[in-house]
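Data block below; observations after.
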Amino acid sequence: MAADTGAGARSSDRAPVTTSTAADPAGTPLLRLSKVGKSFGPVQALTDIDLDIYPGEVVALVGDNGAGKSTLIKTISGIWAPDAGQEFWEGRPVTIRHPRDSAALGIATMYQDLALSDNLDIVQNMFLGRELMRGPLLDETSMELAARKTLADLSVTTVRSIRQPVGSLSGGQRQAVAVARAVLEKAKLVIMDEPTAALGVSQTAMVLNLVTSLKQQGVAVLLISHNLNDVFAVADRITALYLGRVAGTVRVADTDTQQAVQLITTGALAPVSHPSA
Amino acid sequence: MSTTSEASDIQPDGPPVHPDEGMPSAERPAVSNELVTGSLLDYSKAFAKRARSGESGTLPVLVGLVIIVIIFQTQNGKFLSHGNLVNLIDQAGIFVTLGMAEVFVLLLGEIDLSVGYVAGVGAVVTAELAAPPHNVNWFLSCLAGLGVCAVIGAVQGLLITRLKLPSFVVTLGGLLGFEGVLLYLIQQDKHATGGVISVTIPSVLNDIVNGSLSVAAGWIGLIAVVVVFGVYSLLQNQRRRSSGLVTPPLSLVVLKILVVAVAGVVLLLICNANRGSALVKLQGVPWIVPLLLAVLTVYSVLLGRMKFGRYLYAIGGNAEAARRAGVSLNNIRLFAFVLCSFTAGLGGIVYLSTQDSISSGIDGGNYVLYAVAAAVIGGTSLFGGRGKIVHALLGGVIIAAIYNGMGLLGLSAAAQFMVTALVLIAAVTVDAVSRRGRTA
Ligand SMILES: Nc1ncnc2c1ncn2[C@@H]1O[C@H](COP(=O)(O)OP(=O)(O)OP(=O)(O)O)[C@@H](O)[C@H]1O
Ligand SMILES: [Mg+2]
């Protein structure tokens, strides 16, 4: 992908648009997908997907309904294995065939239905499945301390008590708990599928702040969103999918909403007037 | 609230301690103890708030019990007599035990309709072994009965978890099938005259319900319980306080210890009074009391303080979330059904001890209804995810109180059934309404 320079003028062919080398930061990508494909019977959902995500980077995955965004993140998180292509984690080739595999690598996926237990409190949810123990008993004190610290590090301050049931939280607060869970797992890459889809203005701002907090802690974020305002607010780079292919990867600093919309809707950029990079 | 362990019990969500209590910002890492410790008044305010929002825990159940007691006492002065209260404790034993069994599966949002006859089968196995001609040691007999029940639970649990059959249907099959097994076993026993296996010889089995601790042993036991509970509560409080977590005020902890001590003293005074005649003295705490308290404690620790309990609540609340968190749904569910049937076996032994015998006449169908009723009346949700073992104790005592009180008043079985039904419907209504309040 980094070598894909010079191809400035794209026309009707659906080859990816890349605003030259500038799109890629230096160093080894945390996750690299190379020519990844996935089909469901006759439906070719993903074709030749190339995607690099660097540590501490926020990459937004955009595209129209049915473009393949959810399919792509499910492939990354191991819900199913890709049919073609290769995946690299920190430069090493890996095969991710099961959610366990991705979790072991340090990938935390937040699906849109957040998967929290309403009847458990915030601490219990954050530690569900990896409780701290003192002998045979749960170590509530240590878990509460760690939960409190994690939430404080994420600057989450709107929660009344971390011992309240998650069912009593707002949508944004629930997202915060899910993000805190990912941080506790020491995830290196957090994948979020439309985390702001159902949220109001201030709650959306809160979630976007969480994304920024993750980035500041050196965690990479792959963010799916239909809301370009959100994308432009937090993302470093945007990858647009179009009919299961990468239509283009652009740096937020080098582009604007209009171009992004064009990529999403037509799968290509009209020859741009100003050269990037 | 009901889902959380004792730790969160003693820490209701939010006396107005600090605007963002529990989450000090980075600049304020060390919070002084004065700030994280609310006063007793703050806690009572927070408690009142929870009570209004339907998160009040066991308080309404206790109020209900008091009302029932007042009604019966005004109708018949004997209700609160020493002799009758001990009688009531003995009657409650089976409801409480079977109710505890049911809590495990209700927490999953499942149900076990077979506990009544599983208890019966457990009792038959125990009685067969303990009675002549086998005369097996009472302890081994009980172990065998409990073992058979655990295996029954495993079989039902495997059908439910591996074949994905609904627990309602599988255990409905159990309800029918194990009555059949019970009848068959009793028919096969040539020593069971008239379909009754008596266990009068191994006196320990009878003593579980009919025997009593000595007066001195009762007091020693109580002191031991209060000391252990007190030290544990204070240490727990100290650990939270020194970690800088929101800690209930010391006065609240002391108050709790006092309440336990006073309740224990009252129980002992009732049980230690002579309930026999002047000639044949009958006094002391029935064995069933320390026995049930021990089971209650073990199960409460299992549910509130161990991984198994945490996962049970998690599955009952959101099975998909638990699965994604790496919880092994099938194993936890299976173990819950095993525990349920095992505890039903304990109920069978309690029944055996109450009756001194087990007969083909045991009404397991009725007992399972009382078991579910006990758990639900006590505050366990039928919808899964909310409930505690102690609910079975409270609900079981309420059912026994109704049963006992109406018997004293000479009311018919018809009236008993109808009143119990009304109490049950009231309890389920409270459950459903408060649930709606929470999700809204
Ligand atoms: N399990 C499946 N079986 C068959 N086809 C599938 C499956 N999952 C997705 N697809 C197909 O793959 C394509 C991409 O779907 P995907 O859900 O990834 O889109 P998306 O970009 O997430 O869209 P949206 O914005 O609506 O969420 C669609 O044509 C869809 O029908
Ligand atoms: Mg999608």
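The values are calculated or read from the model by the stated rules, or taken from the named source; none is laboratory data. Every value quoted in this text rests on a predicted model; they were computed, and no experiment measured them. Positions of Cβ are generated from backbone atoms using ideal geometry, with glycine treated the same way; all protein chains shown enter the neighbour counts. Note: accessible area is taken over every heavy atom of the protein model, side chains too, but ligands, DNA and RNA are not part of it. Shrake-Rupley method; radii C 1.70, N 1.55, O 1.52, S 1.80 Å.
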>> Considering only residues that are of a type outside the set (Gly, Ala, Ser) and within 19 Å of the chain's Cα centre (by Cα), which ones fall in segment B:110-160?
In response: B:110, B:111, B:112, B:113, B:115, B:117, B:118, B:146, B:149
> Out of all the residues in segment A:186-199, is one or more more than 14 Å from chain B (Cβ to nearest Cβ), part of a helix (DSSP H, G or I) and away from ligand 2 (no atom under 16 Å from the Cβ)?
Replying inline: no
> In segment A:143-155, what count of residues is obtained for those that are within 7 Å of chain B (Cβ to nearest Cβ) and open to solvent by less than 30 Å² (accessible area, probe 1.4 Å)?
Replying inline: 4
> Within segment B:234-272, how many residues turn out to be within 14 Å of chain A (Cβ to nearest Cβ), in a helix (DSSP H, G or I) and in contact (Cβ under 8 Å) with a residue 24 or more places away in the chain?
Replying inline: 4
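Run down A:181, A:251 and say which single residue is within 14 Å of chain B (Cβ to nearest Cβ), more than 16 Å from ligand 1 (Cβ to nearest atom) and open to solvent by 10 Å² or more (accessible area, probe 1.4 Å).
Going through A:181, A:251 in turn, the sole match is A:181.
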>> Test of understanding: among A:246, A:221, A:234, which residue is over 15 Å from residue A:173 (Cβ atoms) and within 16 Å of ligand 1 (Cβ to nearest atom)?
In response: A:246
> Can you tell me which residues in segment A:204-229 are open to solvent by 10 Å² or more (accessible area, probe 1.4 Å) and either assigned to a loop (DSSP other than H, G, I, E, B) or among the charged types (D, E, K, R) (or both)?
Replying inline: A:215, A:217, A:218, A:219, A:226, A:227
>> So, in segment A:29-46, exactly how many residues are under 27 Å from residue A:232 (Cβ atoms) and away from ligand 2 (no atom under 16 Å from the Cβ)?
In response: 6
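Restricting segment B:309-358 to residues that are within 14 Å of chain A (Cβ to nearest Cβ) and of a type in the set (Ser, Thr, Tyr), which is least open to solvent (accessible area, probe 1.4 Å)?
Step one: of segment B:309-358, the residues within 14 Å of chain A (Cβ to nearest Cβ) are B:309-329, B:331-332.
Adding the requirement that they be of a type in the set (Ser, Thr, Tyr) leaves B:311, B:313, B:328.
Working: B:311: 29, B:313: 9, B:328: 52 Å².
Here the residue is B:313.
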>> Going through B:378, B:410 one at a time, which residue ends up being more than 14 Å from chain A (Cβ to nearest Cβ), on the phi > 0 side of the Ramachandran plot and not charged (D, E, K, R)?
In response: B:410
> Looking at segment B:345-361, is at least one residue within 25 Å of residue B:293 (Cβ to Cβ), in contact with a helix residue (DSSP H, G or I) (Cβ under 6 Å, 6 or more places away or on another chain) and in a loop (DSSP other than H, G, I, E, B)?
Replying inline: yes
> With respect to the numbered conditions (1) modelled with pLDDT of 90 or more; (2) of a type in the set (S, T, N, Q); (3) more than 27 Å from residue B:339 (Cα to Cα), which one is the sole condition not fulfilled by residue B:200?
Replying inline: (1)
> Is it the case that some residue within segment A:251-267 is within 17 Å of the chain's Cα centre (by Cα) and closer than 19 Å to residue A:74 by Cα?
Replying inline: no
> Taking segment A:106-141 as the region of interest, how many residues are open to solvent by 40 Å² or more (accessible area, probe 1.4 Å), more than 25 Å from residue A:198 (Cβ to Cβ) and more than 8 Å from chain B (Cβ to nearest Cβ)?
Replying inline: 3
>> Any residue at all in segment B:210-221 that's open to solvent by 50 Å² or more (accessible area, probe 1.4 Å), in a strand (DSSP E or B), touching a strand residue (DSSP E or B) at 6+ places or on another chain (Cβ under 6 Å) and of a type outside the set (D, E, K, R)?
In response: no
> Under the condition of being away from ligand 2 (no atom under 12 Å from the Cβ) and buried (at least 18 other Cβ atoms within 10 Å of the Cβ), which residue from segment A:59-88 is farthest from the chain's Cα centre (by Cα)?
Replying inline: A:82
> touching a residue at least 40 places away in the same chain (Cβ under 8 Å) and either farther than 29 Å from residue A:27 by Cα or away from ligand 2 (no atom under 16 Å from the Cβ) (or both), is that true of residue A:94?
Replying inline: no
> Within the set of pairs 6 or more residues apart or between chains, which connect a residue that is of a type outside the set (A, V, I, L, M) inside segment A:197-224 to a residue that is open to solvent by 50 Å² or more (accessible area, probe 1.4 Å) with Cβ atoms less than 7 Å apart?
Replying inline: A:209/A:155; A:213/A:155; A:218/A:55
> Taking segment A:185-203, which residues are more than 11 Å from residue A:175 (Cβ to Cβ) and either within 14 Å of ligand 1 (Cβ to nearest atom) or surrounded by fewer than 21 Cβ atoms within 10 Å (Cβ to Cβ) (or both)?
Replying inline: A:185, A:186, A:188, A:191, A:193, A:200, A:201, A:202
>> So, in segment B:82-107, how many residues would count as being under 18 Å from residue B:300 (Cβ atoms) and charged (D, E, K, R)?
In response: 1
> Restricting attention to segment A:134-148, does a residue exist that is outside any helix (DSSP H, G or I), more than 16 Å from ligand 2 (Cβ to nearest atom), of a type outside the set (S, T, N, Q) and at pLDDT below 90?
Replying inline: no
>> Can you tell me how many residues within segment B:77-89 are in a loop (DSSP other than H, G, I, E, B) and surrounded by 17 or more Cβ atoms within 10 Å (Cβ to Cβ)?
In response: 1
>> Condition check: within 8 Å of ligand 1 (Cβ to nearest atom) and either part of a strand (DSSP E or B) or open to solvent by 10 Å² or more (accessible area, probe 1.4 Å) (or both). Does residue A:47 satisfy that?
In response: no
